[in-house]
Amino acid sequence: MRVLVTGSSGHLGEALVRVLTSEGHEVLGLDLSPSSFTDVVGSAADRSLVSDCMNGADAVIHAASLHKPHVGTHGQQDFIDANLMGTLCMLEQAVAAKVGSFVFTSTTSVFGSALTPPEGAPAVWVTEDVAPVPRNIYGVTKRAAEDLVEIFHHDHDLPCMVLRTSRFFPELDDNPAVRDTYDDTNVKVNELLYRRVDLEDVVGAHLLAMHRAPSIGFGRYIVSATTPFSPEDVVALRDDAAAVVRRKIPECGATYDRLGWRLFPSIDRVYDNERARDALGWEPRCDFRRALASLDAKEDPRSELSIAVGAKGYRANSVYPYTRPSPATAAHLSADVSGYIL
């Protein structure tokens, strides 16, 4: 198969190129920033360039985007140009080239404020049926881009898959209280219980979506590690999440005690990946129990792919969304968008 991957200099894009190439596919990587995984340097909003890249393509995986950390460094128009206009260009050229499969990388950030229950309310059990309430321009543009993808499926019979991925980047937590209280690996292993996914499993979901798109037509799926929780746990998770985890996975106690780690006292949402597993035949490997087993074996809880790609770090000098940098810092960071801007 000939596959066009956008954002090929970024974390997910690089991982996709690595795996697709290893499986024998012919891969063309497109990104604004050069890298050893990018064949064409340019914008996904450049219609002429994208048209050339689409020649002979059997499938497109559109992973390039401005992301949440860019909210502090880029204007709203930048997000519209990258996340909306870039996606529109990709869809138009995919239709013109009669591409057989289009996979769009979205985010659980589209749910926005719907993920935050009021004080005293149970945790939110998050399925694809939860109505998004985006809280920033990132969520707004990714949600709107999802709608563009769905429209192109209905209007042009373009087989399309939308994957709402949870956290998989190696960035530090965006909550300063969490960063100051917990070891970073402790945070990320905790998050595998309810809001994180390993890069290897994200890639696996994308490849399955690419292959299944022609038979499914259109699908929108949450891509997150399989949670050990059930909807019956939502009240207890908000009140005493640690007790729920210890009851369901008692072996975690010895591992956490040895490492000096702590479970989160409260969990406010849980991502349910059941539809992705059922529709795509997706079997994510990297969950909380597997992480515990790796830690007990004194191994890194991340997959080999995540370790290899994550070695380059996230974005240098990443600025969190609630922090507005100085003009000089913003100018520096605006240039540091490898793999993430269209």
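One quarter of the surface of the convex hull around the alpha-carbon atoms of the chain equals 16.6 nm², the direction-averaged projected area.
Using just the alpha carbons, could you tell me how many Å³ per residue the convex hull of the range 83-175 encloses? Kindly include the intermediate steps, with their values, before the conclusion.
Numbers: hull volume 11.0 nm³, N = 93.
So the per-residue Cα hull volume is 118 Å³.
Could you please state, rounded to a whole Å, how far the C-alpha centre of the range 33-65 is from the C-alpha centre of the range 143-200? The distance from the Cα centre of the range 33-65 to that of the range 143-200 comes to 22 Å. Cross-link partners of residue 298 among lysines, defined as those whose alpha carbon lies under 22 angstrom from its own and excluding same-chain residues fewer than eight positions apart: 188.
Using Cβ counts within 10 Å as a stand-in for footprinting exposure, how do 156, 74, 25, 67 rank, fewest first? Going from least to most buried by this count: 156, 25, 74, 67.
What whole-number volume per residue, in cubic angstrom, does the convex hull of the C-alpha atoms of the range 1-154 give? Present the calculation step by step, with values, prior to reporting the outcome.
Values: hull volume 19.1 nm³, N = 154.
Per-residue hull volume (Cα only) is 124 Å³.
Here the scattering of the range 2-60 is modelled by Debye summation over its C-alpha atoms, one equal scatterer each and no solvent; at q = 0.25, 0.28 Å⁻¹ the log10 of I(q)/I(0) is -0.97, -1.17.
Ranking of 22, 101, 51 by neighbouring Cβ atoms within 10 Å, starting from the fewest: 22, 51, 101. Working note: Debye formula, equal point scatterers on the alpha-carbon atoms of the range 196-248, no solvent; log10 I(q)/I(0) at q = 0.14, 0.18, 0.19 Å⁻¹ is -0.56, -0.73, -0.75.
Given Cβ point charges of +1 (Lys, Arg) and -1 (Asp, Glu) and nothing else, what value in debye, to the nearest 20, does the dipole of the chain about its Cα centre take?
Working: 33 positive and 46 negative charges, 81 e Å.
Approximately 380 debye in magnitude.
Listing 198, 300 from fewest to most neighbouring C-beta atoms within 10 Å gives 300, 198. The separation of the range 75-95 from the range 221-288, counted between C-alpha centres, amounts to 35 Å. Using just its DSSP H runs of length 4 or more, each adding -39500 (n - 2.57), the chain gives a mean residue ellipticity at 222 nm of -12000 deg cm²/dmol after division by all residues.
We did not get these values from a lab; they are worked out from the coordinates using the rules stated. Values in this document were obtained by computation on a predicted structure and should not be read as measured data. Cβ sites come from the backbone with ideal geometry, for glycine too, and all protein chains shown count toward neighbours.
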